[in-house]
Amino acid sequence: MDRDAVRRAWETVSERYASERDPGGSDAALVEELADRLGAGAVALDVGCGDGARTLANLPPRSVGLDLARAGLDLAAAEFDRLVQGDMVSLPVADDAVDAVTAYHAVFHVSRDRHPDVYEEFARVVRSGGELLMTLPGGRFETVRRGWMGGQMFFSAPGRERTIGQLRAAGFVDLRTRTVDDPLGSSAEFVLARRE
């Protein structure tokens, strides 16, 4: 799927996805831990924020939510006012602008051949010493799942080890992982890293 098709898919499923996600859980706790480390004055960029209930709501108050789909941002606008529509492969954010980037269940909606571009964008916008917290896809796959949340959705990943290598190549260090509950009732691995 091209990026416009992914955007259209999210326009279709954003409301249902938001309604079926549990806003609590141990993956939300990872965001709270990050926010505690950053402090109240920090700015994080929440990539793929959707309605913001699980991630943006737990980040410092000046944080910014970014989503490819207008539908997700419209849901978030009821609670948050620092929202930007944009694509993670070319973030509409200045260099060294944020203290952290979060990307929950987001990067695997980009074709795996573009993942290095995404990680370079994350590294470009986060300040030296800043943090990254994102879902780490375990498998190697590229598929369109029909019937997902009542629509269809594109999923793509190069595999766990290749993803870790791509993050390191983009300039992230001190990578560590944790497996926690995810918003749809299963578990997922997350990677936490620091920008050199």
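Candidates 180, 144: the one that is on the phi < 0 side of the Ramachandran plot and modelled with pLDDT of 95 or more is 144. Looking at 168, 124, which one is more than 25 Å from residue 8 (Cβ to Cβ), within 16 Å of the chain's Cα centre (by Cα) and modelled with pLDDT of 95 or more? Testing whether each residue is more than 25 Å from residue 8 (Cβ to Cβ), within 16 Å of the chain's Cα centre (by Cα) and modelled with pLDDT of 95 or more leaves just 124.
Are any residues in the range 85-111 over 14 Å from residue 48 (Cβ atoms) and of a type in the set (Ser, Thr, Tyr), and if so, which ones? Scanning the range 85-111 gives 90, 111.
Checking each residue in the range 135-184 for being more than 21 Å from residue 2 (Cβ to Cβ), touching a His at 6+ places or on another chain (Cβ under 9 Å) and assigned to a strand (DSSP E or B) picks out only 135. If you filter the range 105-134 down to residues that are not in a helix (DSSP H, G or I) and not hydrophobic (A, V, I, L, M, F, W, C), you find that the one that is surrounded by the most Cβ atoms within 10 Å (Cβ to Cβ) is 130. Among residues of the range 35-58 that are β-branched (Val, Ile, Thr), those with a beta-carbon under 7 Å from a residue that is assigned to a loop (DSSP other than H, G, I, E, B) and surrounded by 19 or more Cβ atoms within 10 Å (Cβ to Cβ) at least six positions away or on a different chain give the pairs 43/63; 47/88; 47/106; 55/49; 55/104. If you go through the range 1-56 and keep only what is surrounded by fewer than 21 Cβ atoms within 10 Å (Cβ to Cβ), closer than 30 Å to residue 128 by Cβ, at pLDDT below 95 and in contact with a Pro (Cβ under 6 Å, 6 or more places away or on another chain), you end up with just 40. Counting only residues that are over 16 Å from the mean Cα position of the chain (by Cα) and either buried (at least 20 other Cβ atoms within 10 Å of the Cβ) or touching a residue at least 40 places away in the same chain (Cβ under 8 Å) (or both), the range 135-152 holds 6 of them.
The values are calculated or read from the model by the stated rules, or taken from the named source; none is laboratory data. Predicted, not measured: the structure shown is a model, and the values here were computed from it. We place every Cβ from the backbone using ideal geometry, glycine too, and count neighbours over all the protein chains shown.
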